[in-house]
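Report on the structure given below.
The values are calculated or read from the model by the stated rules, or taken from the named source; none is laboratory data. Note that the structure is predicted; figures quoted are calculated from it, not measured. Don't worry about glycine lacking a Cβ; one is built from the backbone with ideal geometry, like all the others, and counts go over all protein chains shown.
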Amino acid sequence: MSRFSAAIVRNAVADHLPHALVLLSFVLVGCRNPETLSKGATLHREAQIWQPWVTYLSGEQYSRLHVEIDYVQGCKPRPQTLVELRKFLQENLDKPDGIVIVVDPPITKVTARASHPRLLALRSIDGPPNHSDTDPTAYLHVLFYDSTIFDEEPTTKLQPHVRLIPYPASVYIDKDYWSFVGDKAEEGFLLHEIGHVLGLVHTLDHGDGVHCHDPSCIMYPNIRFSFWKWITFQNPIARRNLCEGCRTDLLRAPQKYGTGKSRWMGPVLMRVEDGYCVASLPGTVMLWFGAPEKFDVQAHRDGVDVHSDLFDIIRHRNGVVTAWTVDPMYWDGKDLPKAVQNAQSDPWSIVRNIASEKEDRIIESALPERL
Ligand SMILES: [Zn+2]
Ligand SMILES: [Zn+2]
C-alpha cells in the first residue's frame, strides 16, 4: 500500500540553529499521485468486505497474536525495531493472552535468489505452533529481504508494502530501499505498513482513505529525512507516533465493524461465506467448498506451490495464484450448484472468476458417478 516513491524534495531551512548554520531537511515523498491513491482506496474498499483488522484489534475472538518474522541472510531486523514493534502492538491491540514475536532462522540467499517476495513469504510462513481451527491466535507475518538478490531483477526497487488482497497479513520490507541510511528507516517503514494491516486509514476525516494528513503521524505517506542529522551521524529519520485520530480509529474499529467475516486457520486467513470459504495465503486464493474447520492448510500451500498439478491452478496476470477444491460433504452433488452460484456473486472479482470459469469442472468433480 505504501508506495514510497523515490522523489526527494528539499523541504525546509533551519530557523533555530546558531551561526546561521543551515539545516537541510528532505522529505521522501510517496502515495501522492492520484492513480496510486485511487487504487489504494479501492483496495481498502475491497478489504472492508471482510475486515481482517478486527482479528487484531479485538480480543474477543482472537485473544492472542503470533507475529512471525522471516528474513533473508543479511537482512535481519535490528533489535530496536523489534522492541518498537512489540511496544506498538501492545499499545494498540487488545490481546489479553499475549503477543508472541518469533524471528525464524534466516532464509539462505541461494533459496531466496530463485524466488520473489510473495513466493518467499508463502514458502517461509509457518503460522502459530500447533494451530487448530479453535486456536484463538491471530497471525501476522513480516518478511525482510533485499530485492537486489533476486534472479529476476525488478525494474524498480520494491518499496515497503502490504497487499491487502488477497492476503492482508504479510508485510514486505525491502532492505535495499533507502539502504543509504542503513537500517534506520526500517522501524518507520515497518510500523507504517503494520498500520495498514490494522486497517488504517479508512476515514476521510483526517486522511485520504489510505494515509493520514497529520505530518507527525506514522500513517503520513512520507518519511521525513534530515540531511543535517545524517551528516552529523545522528538518526536522520524523524520519529513518529500514531496521531490521536488514528488511535481513535483503532480503538473504535471493533465496535464499528463487529466481529467481521475473517477467521484464522493457523497462517491462513479465511472468509466464511454461504456454502463456501475463501482462504488466502500470500499471493494465493483457494476457493474451498466445504466447512471452514475441515480446510487443509498444508494442502493449500503445497497445492499452489510445490504440487500444483494437484489442483486446477489459475495464474493471474497480477501474480496471484488461485485454485478451488471441494469437500466430500458435497459429493452427493446436491448442494454444490447453489454454493457455486453463491461464489459467483462473491464481492471479490477473483473469486467470482474462478466460480464462473470453472463452474462445470467444480460441479462435475462432485458428481457421484465420477467418484
Ligand atoms: Zn502507506
Ligand atoms: Zn494519523
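Values computed for the structure shown
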| quantity | calculated |
| --- | --- |
| Qualifying residue in segment 180-200 (condition: among the aliphatic types (A, V, I, L, M), under 20 Å from the mean Cα position of the chain (by Cα), within 16 Å of ligand 2 (Cβ to nearest atom) and part of a loop (DSSP other than H, G, I, E, B)) | yes |
| Residues within segment 71-130 that are touching a Gly at 6+ places or on another chain (Cβ under 8 Å) and part of a helix (DSSP H, G or I), tallied | 5 |
| Where Leu191 falls short, out of the listed (1) within 22 Å of Pro52 (Cα to Cα); (2) among the aliphatic types (A, V, I, L, M); (3) away from ligand 1 (no atom under 16 Å from the Cβ) | (3) |
| Flag for Lys229 being closer than 28 Å to Val72 by Cβ and not assigned by TED's automatic domain parsing to the domain that holds Asp296 | no |
| Conditions (1) within 16 Å of ligand 1 (Cβ to nearest atom); (2) in contact with a His (Cβ under 8 Å, 6 or more places away or on another chain); (3) within 26 Å of Phe295 (Cα to Cα): number failed by Pro221 | (3) |
| Scope segment 138-161; condition surrounded by fewer than 22 Cβ atoms within 10 Å (Cβ to Cβ) and either β-branched (Val, Ile, Thr) or modelled with pLDDT of 80 or more (or both); matching residues | Asp146, Ser147, Thr148, Ile149, Thr155, Thr156, His161 |
| Matching entry among Val142, Val67, Val110 (being without any contact (Cβ under 8 Å) to a residue 12 or more places away in the chain and either in contact with a strand residue (DSSP E or B) (Cβ under 8 Å, 6 or more places away or on another chain) or outside the structural domain of Gln298 (by TED's automatic domain parsing) (or both)) | Val110 |
| Residue satisfying condition, being surrounded by 24 or more Cβ atoms within 10 Å (Cβ to Cβ) and in contact with a Lys or Arg (Cβ under 8 Å, 6 or more places away or on another chain), within set Pro282, Pro215 | Pro282 |
| Candidate set: segment 223-242, residues that are within 23 Å of the chain's Cα centre (by Cα) and crowded, with 22+ Cβ neighbours inside 10 Å; chosen: the one nearest to ligand 2 (Cβ to nearest atom) | Leu242 |
| Search result, residues across segment 239-271 that are among the hydrophobic types (A, V, I, L, M, F, W, C) and within 16 Å of ligand 1 (Cβ to nearest atom) | Leu242, Cys243, Cys246, Leu250 |
| Residues of segment 202-218 that turn out to be more than 13 Å from Asn241 (Cα to Cα), more than 14 Å from ligand 1 (Cβ to nearest atom) and not acidic (Asp, Glu), as a count | 3 |
| Scan of segment 241-262 for residues that are out of contact with any Lys or Arg (no Cβ under 8 Å at 6 or more places or on another chain) and either under 30 Å from Phe311 (Cα atoms) or assigned to a loop (DSSP other than H, G, I, E, B) (or both), ordered by number | Leu242, Cys243, Gly258, Thr259, Gly260 |
| Test: residue in segment 261-272 that is under 28 Å from Pro166 (Cα atoms), more than 16 Å from ligand 2 (Cβ to nearest atom) and modelled with pLDDT under 90 | yes |
| Of residues in segment 194-211 being surrounded by fewer than 23 Cβ atoms within 10 Å (Cβ to Cβ) and touching a Pro at 6+ places or on another chain (Cβ under 9 Å), the one modelled with the lowest pLDDT | Asp208 |
| Top-ranked residue of segment 250-279 - restricted to ones that are on the phi < 0 side of the Ramachandran plot and of a type in the set (Gly, Ala, Ser), ranked as surrounded by the fewest Cβ atoms within 10 Å (Cβ to Cβ) | Ala253 |
